[in-house]
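Presented below is the structure to which this report refers.
The values are calculated or read from the model by the stated rules, or taken from the named source; none is laboratory data. Because the structure is a prediction, the values reported are computed rather than measured. Every residue, glycine among them, receives a Cβ derived from its backbone with ideal geometry; neighbour counts consider all protein chains shown.
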Ligand code: ARG
């Protein structure tokens, strides 16, 4: 291990945003640790956009002439073209802001040196990261909605199919398959509300805060806010440059999306096993085994099931970074983007794969229906007695004794003789066994949010309304990359 003493002399022509007060350059080891260009290069569209707004604000504040402001703006357009064409960073580009500054000097000449007046990378990176996050929320909303649409389409198709609902993974009561599918739809609906909140949290403008104390030039922050699509201006420059709560909000939201998707995935995996056999996976989102020729594995769902661990890791790493940090900007914050990008990139791979898996799988209605056994209607049998005037406690006990008898005899509840019913409770009539029908059980549950056919039709209606495109698109104009 070479000791980190090799101070590299600043090579002539190295483009840096700082350095005047240093006699020598940083050690190569320092450069290697400090460089963030590998992570933050993707902020370029947002950094260019905010820089153009800043050039205009500087003209407005009387710092730049109109010609200078326009020259910088045109130069930034030329830089954007180079990025769009795949421009690679050079070894000395510390971060995306440095790289853009270097390319702007190439494109616009010395006037480029005026752009950084009154701003700092501290308010710049906070602004660019917020713009990226606002845009990411739009992309995430689209991806979550796509999965909801698939669940809704499958629920519509399966509304009249019955299956067991499970508690403790033990057969509990019959439900419409649509009820099960839509249970996941509504969890995703809450995630979309969280996304809207996370987007609003990101939509506060830090630009104009400078390094810590605010810009010394009279830039209009309101104009900056309007032109960049933020809903508010940060009220305190110290807070603005060190605030990453909006990232924590989004990482929590992504973690919850992950948790919900993992539960959808687990249901799919379990119901797709040979033991359940409720569904069969298609070719597009399953894989084979290198050894066992017969295998078809639901890998997309398994990766989705694992994902929230990673998202939670990103959330914990971000919140851990923020905890105990001195006020204002600290370089620890540079790591915020690694966690943010990792969680967002990965969930944007997971969501379409889960949507694809559910779009192509085939349900086996007969297997689902066959799993609905008479014992699952034990509650309905108790309810039958309640309707005849018994208390529920008493009915529960009577039906419990019938369940025990059936279990001992090794038969289903509906196979017990009529006399057994009459013996268990005097209020059992000749029609008692009708209460053990699955369709009747479901038909009784027309309460709002229940699994009765009319309640399901209403729920499907509500779900359709929930995935209608919103009046205002949640994202801003720039695509995330
Ligand atoms: N690359 C840095 C980051 O992402 C930009 C801000 C640098 N600010 C500073 N004072 N060195 O946090």
Which ones in segment 172-187 are in contact with a strand residue (DSSP E or B) (Cβ under 6 Å, 6 or more places away or on another chain), under 15 Å from residue 453 (Cβ atoms) and part of a strand (DSSP E or B)? 174, 175
Single match in 267, 335, 243 (criterion: away from the ligand (no atom under 16 Å from the Cβ) and under 26 Å from the mean Cα position of the chain (by Cα)): 267
With the checklist (1) out of contact with any helix residue (DSSP H, G or I) (no Cβ under 6 Å at 6 or more places or on another chain); (2) within 13 Å of the ligand (Cβ to nearest atom); (3) assigned to a helix (DSSP H, G or I) in hand, flag the one item residue 128 doesn't pass. (1)
Can you tell me which of 82, 49 is more than 26 Å from residue 210 (Cβ to Cβ) and modelled with pLDDT of 95 or more? 82
Just checking, which of 420, 438, 424 is surrounded by 14 or more Cβ atoms within 10 Å (Cβ to Cβ) and within 46 Å of the chain's Cα centre (by Cα)? 438
Could you figure out which of (1) closer than 19 Å to residue 326 by Cα; (2) touching a residue at least 60 places away in the same chain (Cβ under 8 Å); (3) surrounded by fewer than 22 Cβ atoms within 10 Å (Cβ to Cβ) isn't true of residue 236? (2)
Identify the single condition in (1) outside any helix (DSSP H, G or I); (2) within 16 Å of the ligand (Cβ to nearest atom); (3) over 31 Å from the mean Cα position of the chain (by Cα) that residue 94 does not satisfy, given that it satisfies every other one. (3)
Which ranges mark the helices (runs of 4 or more DSSP H) fully within segment 288-389 that have 1 or more residues being at pLDDT 95 or above, in contact with a strand residue (DSSP E or B) (Cβ under 6 Å, 6 or more places away or on another chain) and buried (at least 21 other Cβ atoms within 10 Å of the Cβ)? 365-370
Return yes or no: is residue 146 closer than 18 Å to residue 449 by Cβ, at pLDDT 95 or above and either under 17 Å from the mean Cα position of the chain (by Cα) or not in a helix (DSSP H, G or I) (or both)? no
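Quick check: is even one residue across segment 110-122 free of Cβ contacts under 8 Å to residues at least 12 places away in the same chain, over 35 Å from the mean Cα position of the chain (by Cα), over 30 Å from residue 192 (Cβ atoms) and more than 14 Å from the ligand (Cβ to nearest atom)?
Yes - at least one qualifying residue is present in segment 110-122.
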May I ask you to list pairs of residues, at least six apart or on different chains, whose Cβ atoms are under 7 Å apart, with the first in segment 405-433 being under 12 Å from residue 374 (Cβ atoms) and the second being part of a loop (DSSP other than H, G, I, E, B)? 406/412; 406/416; 412/373
Would you be able to say whether some residue in segment 108-117 is outside any helix (DSSP H, G or I) and surrounded by fewer than 18 Cβ atoms within 10 Å (Cβ to Cβ)? yes
